[in-house]
Structures are given as C-alpha cells and as structure tokens.
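Okay, structure first, notes after.
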2 protein chains.
Amino acid sequence: MSRRVPSQELVERVTRGDVAAIARLISRAESDSTEAREALVAIYHRAGAAHVIGVTGVPGGGKSTLVSELAARLRQRGSRVGIVAVDPSSPFSGGAILGDRIRMSAIAGDPGVYIRSMAARGHFGGIARATCDAVDILDVGGFDTVIIETVGVGQGEVAIAKASHTTVVVSPPGLGDEVQAIKSGILEIADIHVVSKFDKADAGRTLNDLKQMLALPAGGWAERDPQVVAVSCMNGLGLDELVGLIDAHRAVTFNAAAGHQRRLAMADFRLRVTAETLLLARLAEAARRFGAPLAECLERRDSNPYLLAGRLLEHCL
Amino acid sequence: MSRRVPSQELVERVTRGDVAAIARLISRAESDSTEAREALVAIYHRAGAAHVIGVTGVPGGGKSTLVSELAARLRQRGSRVGIVAVDPSSPFSGGAILGDRIRMSAIAGDPGVYIRSMAARGHFGGIARATCDAVDILDVGGFDTVIIETVGVGQGEVAIAKASHTTVVVSPPGLGDEVQAIKSGILEIADIHVVSKFDKADAGRTLNDLKQMLALPAGGWAERDPQVVAVSCMNGLGLDELVGLIDAHRAVTFNAAAGHQRRLAMADFRLRVTAETLLLARLAEAARRFGAPLAECLERRDSNPYLLAGRLLEHCL
C-alpha cells in the first residue's frame with residue numbers, strides 16, 4: 001500500500017475487516033490529519049457495538065499477561081479481540097527488546113486478535129482522542145471486544161479509563177508502600193479489581209488489604225460497589241470468574257436504562273478530549289507562529305507568564 | 001490564619017521567608033483563583049535567582065532518597081532547599097502511610113528545607129503551571145535551590161523536566177526489560193544521569209548499559225553530552241561528584257550567553273503551560289455550561305465527536 005488510499009476506500013476496507021486498512025486508518029487518526037477527520041466521522045457513525053474494557057494498574061503488576069489471558073478466554077468463545085496499548089511499559093507497545101514476550105504469550109499469532117500500541121507523543125488529550133478513534137476503528141473492523149491497556153501512573157493515562165464501558169484495575173501483591181500511594185489514585189475508577197499473581201505468597205494479604213480499603217465508607221464506594229477477584233495467570237485461577245464479572249458489567253452498561261449514566265460519562269469524556277485536541281492544536285499553531293518573541297520577552301522577565309499567555313491566546317481565538 | 005489574607009500582604013510575607021505564607025500562596029496557585037493571579041504576577045517579577053533542579057525516573061528507583069541526600073549536601077554548605085514533589089509515588093507527597101519515611105530521612109526537621117507536594121488533580125497542564133508558580137514562590141521565599149521531583153512515567157509528568165535548569169534522570173539497577181521501555185522516553189531529557197543504588201550487585205551492568213546507550217549516535221546525544229554518575233545513598237558513593245556536576249551545569253545555564261537557549265526553552269514551556277491552563281479553563285467553563293446536551297447527543301450517536309466538539313469550542317472563543 002504505497003499509494004495514498006482515499007478515506008472512503010479505507011473506511012470500506014475497515015468495514016470488511018481488512019487488517020492493513022485498520023492499521024493504516026489508526027495511524028492516520030494518530031497523526032490527526034484533516035483527511036483522517038472525514039474517515040473518522042464515517043467510522044464513528046458505524047461504531048458502537050464493541051464492548052470496551054479498560055485495564056490499568058501500576059507497571060510490573062501483570063496487566064499485559066492478564067490482558068493476554070483475558071483475550072485468549074474471549075477468543076475461546078469466538079469473540080474477536082482488539083487490544084490498544086497506551087502503556088509505555090506494556091510489552092505490546094515495546095520495541096525489539098520486548099518482542100519475544102509477545103511471541104510467547106497466549107494469543108501469539110492468532111488472527112482473531114489485533115494488537116496496536118498508541119504512540120506516546122504529542123499532547124495527552126491527543127492520545128486519548130486518538131485512542132477513542134482507534135477503538136471505533138477496531139469496533140467497525142469487527143472486533144467484539146476492545147481492550148485498552150493503560151499504565152496506572154500519570155493522571156492523563158488514568159483518565160483513559162473513562163473511555164471504557166468496564167474498567168479493570170490490576171493490583172499485584174507485595175509492591176510495598178510506594179506503590180500503594182500510586183494506586184490510591186486509580187482505585188476509585190475500578191468497576192472490577194483484580195489482585196494479580198495470586199500464586200505469590202503475600203497475595204492473600206493484598207486481597208484482604210484491598211477489600212478492607214474498599215469497605216471504607218469514603219467517597220461513594222458503597223454506591224459503586226466494585227467487585228474484587230483474585231487471579232493467577234500462572235495456574236488459571238480466577239480467570240473464569242473475571243470473565244463472568246466482565247460479562248455481567250457489560251450487560252449493565254449496554255442496557256438502555258441502567259447503562260445510560262456510564263455511556264453518558266463516556267460521551268462526555270470523548271467530547272472533552274476531542275474539543276481539547278482541537279483547541280490545543282490551535283494553541284500549538286499560535287505558539288509556532290507568534291510564540292518565539294513572547295518566550296524571549298519572558299526569558300528576559302520583561303513581562304509575566306499570565307500576560308504573555310493571554311497575548312498568545314488572542315491568536316487562537 | 002483563618003482570615004483571608006490579602007494578596008499583597010501574602011506576597012510581602014513570602015518575600016520575608018514566612019513559611020506559612022509560602023504554603024498558603026502555593027495552595028492558592030494550585031486552586032488557580034483569580035486572586036492568586038495578581039500575587040503570582042508579583043512573585044514572578046521578584047523571582048529568578050534559584051537554581052531549579054528536576055529529578056525524575058521510574059517509581060521505586062530511589063529518587064526520593066537521592067533528593068533527601070542531595071538536599072542534605074546542599075544544606076551543609078548553607079543553601080536553603082525547596083522540594084516540590086509532583087510524583088504520586090514519592091514519600092514527600094504521600095499520606096499517613098509514608099510519613100515515617102520522611103521523618104527518617106536525612107533532612108527531617110531541618111527548617112532550611114521546605115517540602116511541598118503538588119496535588120495530582122485537574123488537567124495536567126494545570127499541574128505544570130502550578131508547579132512553575134510554586135518554584136517561583138519558593139525562590140522569592142529565599143530558597144536558593146528548588147528541586148522538582150517528578151515520576152518518569154506519563155509524558156505530562158516527564159514534561160515538567162522542562163521547567164528545570166538542570167534535569168537529573170535516576171536509573172536504578174536491574175529493573176528489567178519492562179522498566180527499560182519506560183525509561184527510553186525519559187533518557188533523552190537528562191543533563192545528568194544517576195545510576196542509583198550502586199551498592200547493588202548488578203549496578204555495574206546498568207551503568208555500562210546506560211553508557212553504551214548514550215554512546216549510540218542517535219538523535220543529538222553527542223551534542224548534548226549528558227554526564228553519568230553512579231551513586232549509592234547507602235554509603236555516600238558519588239554524591240559529591242553529583243553535587244559537582246549539578247554545580248557545573250548550573251554555571252552553564254546561569255551564564256548569560258551559554259545558558260540562553262536553555263532558559264529560553266524554560267520560558268517557552270512556561271508560556272505554553274500557562275496558555276494551556278487559561279485555554280482549558282475556558283473549555284471547562286464552556287463544557288460546564290453547554291456540554292450536557294452535546295454529550296447526550298453524542299451518547300445517542302446523533303452526531304459525531306468532531307462536530308460537537310466544534311460546537312463546544314464556539315463557546316470558548
């Protein structure tokens with residue numbers, strides 16, 4: 001495919017499940033070209049069938065292994081599974097060093113699984129926007145389930161969970177205090193908590209700690225009622241239960257009435273990240289054209305950041 | 001201080017080094033109230049003397065211990081040191097669980113050290129903007145050196161390095177492939193590389209790997225010429241050398257001619273994050289007032305994200 005494929009042709013080919021076209025259109029969504037816009041709008045109107053599952057958690061917590069095993073289970077019952085990795089620590093998004101780990105995984109070489117990593121460059125809102133578009137493209141391309149793997153460090157990365165129907169937060173046992181502090185920021189977004197690596201000695205304590213934390217009467221936990229499941233990818237423990245919980249949560253969010261609030265939150269997130277992308281593109285253009293003398297002025301401390309930023313904004317509006 | 005202290009009084013008290021006033025004004029900067037704006041502009045015009053050091057790296061890499069030890073060394077020669085933690089994994093920003101670790105550290109109870117964690121809520125650009133303001137406040141409050149500790153995961157967090165004169169990237173030994181992949185995104189921002197925990201058995205290999213990586217002829221490494229130092233906070237190895245490298249780098253960035261490009265890059269970053277904050281505040285306000293029906297429309301798939309986002313932007317401009 002060395003020639004530039006027209007948008008409309010690309011959309012048609014995505015609709016037929018053409019993997020090369022899917023890859024091509026996701027790349028265009030990432031680069032956010034004006035031409036992509038038209039195709040992405042066409043895709044959006046055909047999308048909406050796929051169940052979007054967000055999987056997040058600290059680096060080294062076993063997210064990628066869990067995603068592999070989860071995808072393999074979903075494959076066994078005939079689902080086609082798309083995986084979008086927004087996680088720089090994921091082997092799915094890694095370079096040559098990590099290739100072997102993907103080849104060894106439970107889903108290696110399965111044509112019913114499509115794995116895509118999103119480039120972690122540009123403004124964060126842009127990545128979130130492109131990720132939503134990638135999910136739609138896979139949806140239209142015939143993937144029933146799309147898993148977004150995102151690292152649970154950095155609030156932008158955590159925010160991507162808002163693009164999913166069902167959010168799974170993975171907590172490994174025994175990473176100590178330092179990681180607990182990180183986790184505290186992501187615990188509240190979970191629909192389902194997985195305590196991973198449950199074959200490890202101290203996993204029971206992590207499960208108890210987590211259950212105790214969730215039982216605390218703080219900030220709306222009671223209403224949300226997240227589920228907790230212990231999983232070991234090494235011996236398969238808990239995987240069927242996890243799939244069951246995911247199915248149950250899917251049934252709720254896809255229900256016209258019961259799932260309305262969740263889907264509305266997803267739409268709200270999408271609206272905001274898309275608007276943010278458009279707005280920050282204008283700012284980047286203004287900074288490119290008019291920023292240099294303002295930065296020079298700021299470097300000399302001849303003015304202040306707020307006044308000069310206000311001047312830059314005049315060129316955006 | 002239960003009454004609302006007027007801006008001007010707060011600025012005067014910050015200038016006299018009043019720690020309560022410093023804390024109060026940083027909180028106002030975080031909440032980005034209109035009243036804070038006036039004080040922050042006044043602060044900005046008095047700031048510019050402090051050496052700002054960014055310390056970043058993966059969670060668990062020993063950043064916080066290094067920051068403590070570094071601060072202790074700088075204290076020994078009479079510097080006053082401010083620490084701004086934008087790292088959710090830092091004990092400096094942790095809650096009750098982590099308090100003990102701070103109390104045990106090398107700088108516990110020293111009135112010449114001020115530690116402040118930035119709230120990791122709101123839009124990322126907002127945190128970066130507030131962090132720059134906090135650095136200025138500490139600068140005006142009489143701290144010669146301000147260390148920004150930021151977690152090296154998540155690109156927004158990494159970007160905060162651009163707010164510093166001198167960026168130190170901390171790499172611990174033997175964290176394996178998964179973490180190497182994360183690190184790859186932050187290696188290129190380093191002025192100084194620290195291989196931490198050099199008392200560990202496999203630290204020599206990490207040092208060699210890092211040196212080899214830096215010797216690769218890719219993307220401008222040769223020109224930037226970052227320095228590498230092996231440090232053990234357990235036995236003090238390399239800490240004097242690190243302080244020496246930091247001093248040498250300070251001399252360059254504070255030199256009128258030699259440091260101009262770096263200071264210009266800092267000014268450019270500051271201009272952009274401030275503009276971004278102002279712009280996204282307008283977007284948030286527009287979303288609050290006009291977003292709900294647009295999100296409803298999107299949830300019903302009656303329109304597409306790009307068209308609706310465009311409508312939302314009309315209310316920002």
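We did not get these values from a lab; they are worked out from the coordinates using the rules stated. Note that the structure is a prediction, hence the values are computed from the model and not measured. Here the Cβ positions follow ideal geometry from the backbone for every residue, glycine too, while neighbour counts run over all protein chains shown.
Shielding value for B:277-285 is 5, the average number of Cβ atoms from other chains within 10 Å of each residue's Cβ. Shown is the FRET efficiency for B:D110 and B:A258, computed with R0 = 35 Å from the Cβ-Cβ distance and rounded to the nearest 0.05: 0.60. Sorted from nearest, the other copies put their A:L264 label points 5.1 nm away, the label point being 7 Å from Cα in the direction of Cβ. Under the simplified labelling scheme, the B:T15-B:A251 pair shows an inter-label distance of 3.3 nm, with each label point 7 Å from Cα along Cα→Cβ.
What's the Cα-based Rg to Rh of the stretch A:228-305, Rh via Kirkwood? Answer for the stretch A:228-305: 1.38. In terms of overall dimensions, the stretch A:6-64 has a Cα radius of gyration and Dmax of 14.4, 42 angstrom. 3J(HN,Hα) along the stretch A:259-264, derived from phi through the Karplus expression 6.51 cos²θ - 1.76 cosθ + 1.60 where θ = phi - 60°, amounts to x, 4, 4, 5, 5, 5 Hz, with x in place of Gly and Pro.
Per-residue mean of foreign Cβ neighbours for A:290-301 is 5 (Cβ atoms of other chains, 10 Å radius).
The protection proxy used here, the mean number of other Cβ atoms lying within 10 Å of each residue, ranks peptides A:8-16, A:132-140 as follows, highest first: A:132-140, A:8-16. In the assembly of identical copies, A:A248 has its label point, taken 7 Å from Cα in the direction of the beta carbon, separated from the corresponding points by 6.2 nm (ascending, one decimal). Remark: mean inter-chain Cβ contacts per residue of A:56-62 equal 3, using a 10 Å Cβ-Cβ cutoff to other protein chain atoms. Counting neighbouring Cβ atoms within 10 Å and putting the fewest first, the residues B:K200, B:K63, A:K162 line up as B:K200, A:K162, B:K63. Distance between the modelled labels on B:Q76 and B:D199, one decimal in nanometres: 1.6 nm (7 Å Cα→Cβ projection). What FRET efficiency, computed as 1/(1 + (r/R0)^6) with R0 = 35 Å and r the Cβ-Cβ distance, is obtained for B:E314 and A:A265, rounded to the nearest 0.05? That gives a FRET efficiency of 0.90. Along Cα→Cβ at 7 Å, what distances in nm separate the A:E285 label point from those on the other copies, shortest first? Going from nearest to farthest copy, the values are 2.3 nm.
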